[in-house]
Amino acid sequence: MNGLFNPKLANKLEQKTQPKLISEGKCDKCGRDYEEYQFKSGYSYRLGCDCKMIEQGKEMTKNFKQRQNQKEINKILSFSSENEETKNASFETYIPENENQAKAKVICERYASSFNQDNKQSLLLQGSFGLGKSHLAMSVLKEVKDKNYSVLFINLTELISKFRSTFDKDSQFTESELEKAIGQVDLMVFDDFGMNVTDYGMSKLFQIAESRVGKHNIITTNLSLKELTKTKDQQRLFSRLMSNTTGITLEGDDHRMKGFRNLT
C-alpha cells in the first residue's frame, strides 16, 4: 500500500479541498477579529465571527414561519376566487395594448420585486372590464408568494359570503378565525371591489379594513372614485383602505370582446 502512495498528488488534492484565506479584519457588528475563508465552490465563512451564520439562521427561521403561516391561512381561505384567467396569469402572459397598460405593468412588476415587510405599500387598480386588472394583481401575488410570503386573492362578494358561512353549524372555521387569517396575511388582494353590499357586509368590510391598515393590499375595481365614495360610510371605508396606496387607472378596450361578432 505504501508503494502506491504519492505524496505530491496527495498534497495537491489537499490544497484543492482546503479553503483559501481571502480576507481578515474586525466585524462591524460584533467587533470581533475574523479570518474569512473561501472554498472552491464559492462558499465562504468567517472564522472568529458568527454574525453571518446567525443571520442565515434567522432567515431560515423566518422562511419556515412564513410557510407555516401560509399553511394555516390556506386551511381557512384558499384561492377561492381563482378562475381560468387568473390561474394562468403572470407578467410574461400580460401583453399591454397601449402605453397606459405598459406603465401599469411596470409599476406592478416593481411592486412585486421590491416587496418587503419594512415598507408597507398598497395598489389600487381601477378601470373598465377586460383590461387585465385581476391578471396584474394575480401576477404580483404569485411573485410575492414565491418569496415565501403569505398571500390571499379573493373576490369581495365571496369574502362576505365566507363570513356568513361561519354561522352554519357545519362551518370548518369560526368568524374570529377568519378575521385573524385576513388580518395576518402578508399580501391581501381584494378582487372586484364594489359597494353593493348589505349592512352586514359593510360592517364586516369596516372590520377587514381596520385589520389591513398599514399592511400590503391590492384592490381591483371597475368603479370610479366617485362611485366608491357615494355615502359617508363608503368614504370612511375607502379612506381606511387607501392608506399608503398608489392608484393606477387602466385604459383601453375590453380584451374579452375581441372575438365577439354581432351576427344580427
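Looking at VAL144, is it among the β-branched types (Val, Ile, Thr), touching a His at 6+ places or on another chain (Cβ under 9 Å) and assigned by TED's automatic domain parsing to the domain that holds LYS204?
Details: among the β-branched types (Val, Ile, Thr): yes; touching a His at 6+ places or on another chain (Cβ under 9 Å): yes; assigned by TED's automatic domain parsing to the domain that holds LYS204: yes.
Spelling it out, VAL144 is indeed among the β-branched types (Val, Ile, Thr), touching a His at 6+ places or on another chain (Cβ under 9 Å) and assigned by TED's automatic domain parsing to the domain that holds LYS204.
Suppose we filter segment 187-224 for residues that are touching a Phe, Trp or Tyr at 6+ places or on another chain (Cβ under 8 Å) and among the hydrophobic types (A, V, I, L, M, F, W, C); how many remain? Going through segment 187-224 one residue at a time, the tally reaches 5. Within segment 213-221, is even one residue part of a helix (DSSP H, G or I), at negative phi, touching a residue at least 12 places away in the same chain (Cβ under 8 Å) and under 25 Å from the mean Cα position of the chain (by Cα)? No, segment 213-221 has no match at all.
Hey, among LYS87, LYS103, LYS75, which residue is at pLDDT 60 or above, out of contact with any helix residue (DSSP H, G or I) (no Cβ under 7 Å at 6 or more places or on another chain) and under 20 Å from ASN148 (Cβ atoms)? Please lay out each step first, then the result.
Numbers: LYS87 fails: under 20 Å from ASN148 (Cβ atoms); LYS103 fails: under 20 Å from ASN148 (Cβ atoms).
Only one candidate passes the filter, namely LYS75.
List, please: which pairs have Cβ atoms under 6 Å, are six or more places apart or on different chains, and start with a residue in segment 126-151 that is over 16 Å from ILE248 (Cβ atoms) and modelled with pLDDT of 95 or more and end with one that is assigned to a loop (DSSP other than H, G, I, E, B) and aromatic (Phe, Trp, Tyr)? Here the result reads none, with nothing in segment 126-151 linked to a residue that is assigned to a loop (DSSP other than H, G, I, E, B) and aromatic (Phe, Trp, Tyr).
If I go through segment 133-171 residue by residue, how many of them are of a type in the set (Asp, Glu) and either in a helix (DSSP H, G or I) or crowded, with 22+ Cβ neighbours inside 10 Å (or both)? Break it down stepwise before answering.
Looking only at segment 133-171, we keep the residues that are of a type in the set (Asp, Glu), and these are 143, 146, 158, 168, 170.
Still in the running and either in a helix (DSSP H, G or I) or crowded, with 22+ Cβ neighbours inside 10 Å (or both): 143, 146, 158.
Final tally of qualifying residues: 3.
Residue by residue, here is whether (1) more than 19 Å from the chain's Cα centre (by Cα); (2) in a loop (DSSP other than H, G, I, E, B); (3) at pLDDT below 85 holds:
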| residue | (1), (2), (3) |
| --- | --- |
| PHE173 | yes, yes, yes |
| GLU177 | yes, no, yes |
| GLY183 | no, no, no |
| MET188 | no, no, no |
| ASN196 | yes, yes, yes |
| TYR200 | yes, no, yes |
| PHE206 | yes, no, no |
| ALA209 | no, no, no |
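Restricting attention to segment 93-127, which residues are basic (Lys, Arg) and part of a helix (DSSP H, G or I)?
Going residue by residue through segment 93-127, those that are basic (Lys, Arg) are 103, 105, 110, 120.
Within segment 93-127, LYS103, LYS105, ARG110 meet the criteria.
Go through the residues of segment 237-249 one by one and say whether even a single one is assigned by TED's automatic domain parsing to the domain that holds ASN119, out of contact with any Asp or Glu (no Cβ under 9 Å at 6 or more places or on another chain) and charged (D, E, K, R). Looking for residues that are assigned by TED's automatic domain parsing to the domain that holds ASN119, out of contact with any Asp or Glu (no Cβ under 9 Å at 6 or more places or on another chain) and charged (D, E, K, R), one finds none in segment 237-249, hence no. Of all the residues in segment 100-144, those that are hydrophobic (A, V, I, L, M, F, W, C) and under 13 Å from the mean Cα position of the chain (by Cα) number 10. Test ARG236 against the stated conditions and say whether it is touching a helix residue (DSSP H, G or I) at 6+ places or on another chain (Cβ under 8 Å), surrounded by fewer than 17 Cβ atoms within 10 Å (Cβ to Cβ), closer than 20 Å to PHE190 by Cα and at pLDDT 85 or above. The answer is yes for ARG236.
The values are calculated or read from the model by the stated rules, or taken from the named source; none is laboratory data. A quick note: this is a predicted structure, and the numbers were derived from the prediction, not measured. Heads up, the Cβs are rebuilt from the backbone with ideal geometry, glycines too, and the neighbour counts pull from every protein chain shown.
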